[in-house]
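The values are calculated or read from the model by the stated rules, or taken from the named source; none is laboratory data. Every value quoted in this text rests on a predicted model; they were computed, and no experiment measured them. When we count neighbours, we look across all protein chains shown, and the Cβ atoms used for this are built from the backbone with ideal geometry, even at glycine. Heads up: the accessible areas ignore ligands, DNA and RNA and are worked out on the full protein's heavy atoms, side chains in. Shrake-Rupley method; radii C 1.70, N 1.55, O 1.52, S 1.80 Å.
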Amino acid sequence: MKKVLVTGGAGFIGSHLCERLLKEEYFVINLDNFNNYYDPKIKWRNIQEALKSQNYALYAGDIRDNKILDQINEEQGKIDIVCHLAAMAGVRNSLKDPVEYVSVDIGGTVNMLEFARRNGVEKFVFASSSSVYGKNSKVPFSEDDPLEGQVSPYATAKRAGELYCQTYSEIYNIPIVALRFFTVYGPRQRPEMAIHLFTRLVMEGKPIPVFGDGSTARDYTYIDDIIEGVYRATLYDKTRFEIFNLGNSKTVKLSEMIAIIEQVTGKKAIIDRKPMQLGDVEITYANIAKGNSLLSYRPGSGIHQGVSEFFEWFEKNLGMEV
Ligand SMILES: NC(=O)c1ccc[n+]([C@@H]2O[C@H](COP(=O)([O-])OP(=O)(O)OC[C@H]3O[C@@H](n4cnc5c(N)ncnc54)[C@H](O)[C@@H]3O)[C@@H](O)[C@H]2O)c1
């Protein structure tokens, strides 16, 4: 049985990934420090299904701490695959605490690459972000587009992570795939992300903060499509280093997204309009031809259905409580 180390496996995307890898009959090791960027109770809830499996081991610790990484090696033996998802993930928060983003998203990533080198892993998958496209104006964004500059410390840290991945792949021959996720949503979405935040506020009858005139657009990608892409990336073996967009390749305007939330919840949103914020970009839009041809990545979820699935989870799990 192959062993996969998932970092950030208690988070939104990581917890879904662990469940999928368990289904694929991997032994899954989750390293997560349950930080309080959002309520750690949510993260504990995320992993309840996985904890029932005999093929799942949980380590509550930090990706920058070599003591816990050594302990994982001692107790679990050689690791075959690393899926590195742990990060400080919020764009806006990175403007408040840029130094922490350097420490976790760059320093932590290099530490995990060192771990991969020591273990001679067969694959390292890195969670990057559509935010690396920053100021790019040509849409849809393609992996080989020149990057015209990132507009948040988070995006810069993710770009640095990609560059370290490329360097480690080059000098140590490690097979690495970096995946640029485009705004992921669905059950367990982080509470500060727009769909989750807006749904909660709408349900509470409170105003929702809308930055700009509602015309900004995002390529929202449903969690199941992302997980399928990550799983396929773990199997990819045609080249030593690749970057892939994982998006839906359809854009939805902020105003449209709010209308969908109104339909799904059956409640009217109260809009609190605010100016565009530092770090925000006008549009994200993925060209997914490369993933389509090399990973057979074919996202299939529509936004209306996806928001409905999110809302079903929201009502069942969180209601108004968080
Ligand atoms: N959600 C999105 O739309 C999106 C888009 C692009 C990229 N990404 C990337 O995907 C990954 C997962 O994002 P998510 O939305 O699931 O976020 P998340 O915050 O829910 O998950 C990240 C997890 O990493 C853990 N973590 C943070 N710092 C750690 C550290 N130093 N040591 C160990 N664990 C640590 C957190 O406790 C958390 O459980 C991140 O790398 C993020 O940057 C997410």
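Ordering T251, P140, I288 by Cα displacement along the dipole of the chain toward the positive end leaves T251 in first place; charges were set at the Cβ atoms of Lys, Arg (+1) and Asp, Glu (-1). Taken about its Cα centre, the chain carries a charge dipole of about 240 debye when Lys and Arg each add +1 at the Cβ and Asp and Glu each add -1 at the Cβ.
Other residues lying with their Cβ under 12 Å from the Cβ of N73 contribute a combined charge of +1, Lys and Arg counting +1, Asp and Glu -1. Contact order for segment 114-264, expressed relative to its length and based on alpha carbon pairs under 8 Å spaced 6+ residues apart, stands at 29 percent. Protein heavy-atom accessible surface, 1.4 Å probe, per residue over the chain: 42 Å². Peptides 72-78, 208-214, ordered by how many other C-beta atoms sit within 10 Å of their residues on average, highest first, read 208-214, 72-78. For the chain, with the dipole built from +1 on Lys and Arg beta-carbon atoms and -1 on Asp and Glu ones, taken about the Cα centre, which of I271, G14, V177 lies farthest toward the positive end? Of I271, G14, V177, it is I271.
Applying the Karplus relation 6.51 cos²θ - 1.76 cosθ + 1.60 with θ = phi - 60° to segment 256-266 yields 3J(HN,Hα) values of 5, 4, 5, 4, 5, 4, 4, 5, 5, 7, x Hz, where x marks Gly and Pro.
Packing here is the average count of other Cβ atoms within 10 Å per residue, and on that basis the peptides 41-48, 109-116, highest first, run 109-116, 41-48. Label zone of S255 (point 7 Å out along Cα→Cβ, amide N under 20 Å): in segment 203-222 this covers 207-220. At 1.4 Å probe size, with the rest of the protein present, what percent of the exposed accessible area of segment 113-210 is carbon and sulfur atoms? Taking all protein chains in place, segment 113-210 shows 52 percent carbon and sulfur surface.
Rounded, prolate or oblate, given the Cα gyration tensor of segment 277-317, with a/c below 1.5 counting as rounded?
Details: a/c = 3.09, a/b = 1.25, b/c = 2.48.
Taking the square roots of the gyration eigenvalues as a ≥ b ≥ c, segment 277-317 is oblate.
In terms of its C-alpha gyration tensor, segment 61-167 has an oblate overall shape, because the principal axis ratio a/c (a ≥ b ≥ c, square roots of the eigenvalues) is not below 1.5 and a/b does not outweigh b/c. Note on the chain: GNM, Cα springs under 10 Å; of I13, I174, I226, the largest mean-square fluctuation is that of I174. What whole-number distance in Å separates the alpha-carbon centres of segment 165-226 and segment 1-72? Segment 165-226 and segment 1-72 have Cα centres separated by 20 Å.
Let me have the 222 nm mean residue ellipticity of the chain computed from DSSP H runs of 4+ only, each contributing -39500 (n - 2.57), with the sum over all residues rounded to the nearest 500. Show your work: numbers first, answer last.
Values: 13 runs with 133 residues, N = 322.
Helices in the chain give a 222 nm mean residue ellipticity of -12000 deg cm²/dmol.
Extents of the chain, largest first, come to 54, 44, 37 Å (Cα atoms, principal axes, whole angstrom). Check cross-link reach from K2 to the aspartates and glutamates: straight Cα distance under 19 Å, and skip same-chain residues fewer than eight apart. The reachable aspartates and glutamates, counting only those whose Cα sits under 19 Å from K2, are E19, E24, E25, D70, E74, E75, D80, E122, E228, D237. So which of K43/K123; K96/K135; K67/K290 end up more than 31 Å apart, counting from Cα to Cα? Too far apart for the 31 Å limit: K67/K290. Overall, segment 183-229 carries a charge dipole of about 240 debye about its Cα centre when +1 sits on the Cβ of Lys and Arg and -1 on the Cβ of Asp and Glu, all other atoms neutral.
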